[in-house]
1. Apply 1/(1 + (r/R0)^6) to the Cβ-Cβ distance of Y118 and A77, taking R0 = 25 Å, and write down the FRET efficiency to the nearest 0.05.
2. Could you name the aspartates and glutamates in cross-link range of K125, using Cα to Cα under 19 Å and dropping any fewer than eight places away on the same chain?
3. Quick one: if the Förster radius is 41 Å, what FRET efficiency do H99 and I6 give, using the C-beta to C-beta distance and rounding to 0.05?
4. Could you check the spin-label model distance between D60 and F130? Points 7 Å from the Cα along Cα→Cβ, value in nm.
5. Ignoring everything but the protein chains, give the 1.4 Å probe accessible area of L113 in square angstrom, nearest 10.
6. Modelled label-to-label distance, D89 and L69, 7 Å Cα→beta-carbon offset: nm?
7. Taking a threshold of 24 Å on the Cα-Cα distance, which of the pairs K92/K131; K86/K109; K61/K107 fall above it?
Amino acid sequence: MKLTYIALLAVLGASLAAPVAAQPAGGQGMGPGQGMGPGQGMGPGGMGPGGGKALRFTFDKNNTPGWALMSADERAAHSSKMRSAKTYDECKTLQTEHHQAMEVRAKEKGVTLPAPRYNGCDRMKARGFFK
C-alpha cells in the first residue's frame, strides 16, 4: 500500500512538472537568457534600458487626480503630454491645467477628486527628466 502511494505521488509529480518544463523561454525570470543584460540593471537614474532619460515615468491613480474619470485614451494622451514636457515649469503648467479640468469633471459627476499621493512633476525632476 505504501509503495503504491509513493509511486502514485511520483507519477502525479512528473505529470505536473512536464508542462512547466515545456514552457517557451522569454519570461521575466533570471534563468539562462532571462537575466539583466547590458543597460538593464540599476544604473544611474534607476531601472530601465540604459537608465537615465530612457526611464519611463508612470502616470497612474497615485499621482494623477481624475485618473478614474478618464477613458483609456485620455489616460494615454495625458501620460504622453506629461512625458513630452521639456521643463519643470512646462510640466507644472500641464499638471495644473489637467487638475482644473478634472475638478470640473468631478463636480459634474458629483464626486470628490482625491488629491494625488505625490507630485508627478516633482518626482520626474528628482529623477532627472528636467534640468
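The values are calculated or read from the model by the stated rules, or taken from the named source; none is laboratory data. All values derive from a computational prediction rather than experimental measurement. Please note: Cβ atoms are built from the backbone with ideal geometry, for glycine as well, and neighbour counts cover all protein chains shown. When the accessible area is computed, the model is the full protein with side chains, heavy atoms only, and any ligands, DNA or RNA have been set aside. Shrake-Rupley method; radii C 1.70, N 1.55, O 1.52, S 1.80 Å.
1. Numbers: r = 22 Å, r/R0 = 0.86.
After rounding, the FRET efficiency stands at 0.70.
2. K125 reaches D60, D89, E90, E97.
3. Details: r = 65 Å, r/R0 = 1.59.
Rounded to the nearest 0.05, the efficiency is 0.05.
4. Result: 2.3 nm between the two label points.
5. Using a 1.4 Å probe on the heavy atoms, I get roughly 40 Å².
6. 2.8
7. Details: K92/K131 14 Å; K86/K109 33 Å; K61/K107 18 Å.
Among K92/K131; K86/K109; K61/K107, the Cα-Cα distance tops 24 Å for K86/K109.
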